[in-house]
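The block underneath contains the structure these notes are about, expressed in structure tokens.
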Amino acid sequence: MTALLGLLAIAPIAWYFWREHKLDTPSLQWPTMRAALGLTYEANPPRLGGAWNGRKVAIETSDAGVTVTAWLSAETRLRVECAPKELVTRRAGMVVPDALEPTEREFRDKLLARCSDKAAGPIVFDSTMQQRLAGLKHVDFVGEQFRVVWKVPAVRDLNETEALLGALCAVADGLESFPKGGGMPRA
């Protein structure tokens, strides 16, 4: 009887640790997310890829956690970067060139964005995009040439992953509005 009571006491703890292990292990978590996201899962190394809402994306393990990439349909002339203020400042040095003047307080308090074209920054990072990015747990991306690459510590939750992919694809849409070769932005 004591053994049964001990087992019943340990079961919730064991379940908690198994759940956390599963969430932190892409090879266990991502196959279950694949169908909901409409992506293809590859096992070695763990990777999700395919078209998400009409845009080619990939979710891959990396040394620093997970890299999420969205490809552009045409090369952009812009280079954008957005991450926590201290990270952007550390990467750029003391002076952060091409910094965006945010309109949203939550964004300004948490993040710093740079854009290679000062006039394009407010278009790519409009008020709605600033609110969207400020609401995410982890923001650290660079967009240039044919892709936007976003680094996160982990991809564990389906809802957070969909929010991240949505924001990533919106940034890609904004970059596609400024094709390489100049000219006015596409509507």
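Each value in this text was obtained by applying a stated rule to the coordinates, not by laboratory testing. Predicted model only: the values in this text are computed from it and were never measured. We place every Cβ from the backbone using ideal geometry, glycine too, and count neighbours over all the protein chains shown.
Taking other C-beta atoms within 10 Å as the exposure proxy, GLU162, GLU81 rank GLU162, GLU81 from fewest upward. Computed log10 I(q)/I(0) for the stretch 113-187 at 0.16, 0.18 Å⁻¹: -0.59, -0.73, from the Debye equation with unit scatterers placed on every C-alpha and solvent omitted. Listed by chain and number, the aspartates and glutamates whose C-alpha is less than 20 Å from the C-alpha of LYS110, apart from same-chain residues fewer than 8 away, are GLU81, GLU86, ASP98, GLU101, ASP126, ASP140, GLU160. 3J(HN,Hα) along the stretch 158-165, derived from phi through the Karplus expression 6.51 cos²θ - 1.76 cosθ + 1.60 where θ = phi - 60°, amounts to 4, 5, 5, 5, 5, 5, 5, 4 Hz, with x in place of Gly and Pro.
Only one residue of GLY166, TRP52, PRO102 has its Cα farthest out toward the positive end of the dipole of the stretch 40-187, where Lys and Arg carry +1 and Asp and Glu -1 on Cβ, and that residue is PRO102. For a straight C-alpha distance cut-off of 19 angstrom, the lysines reachable from LYS180 (same-chain residues fewer than eight places away being disregarded) are LYS118.
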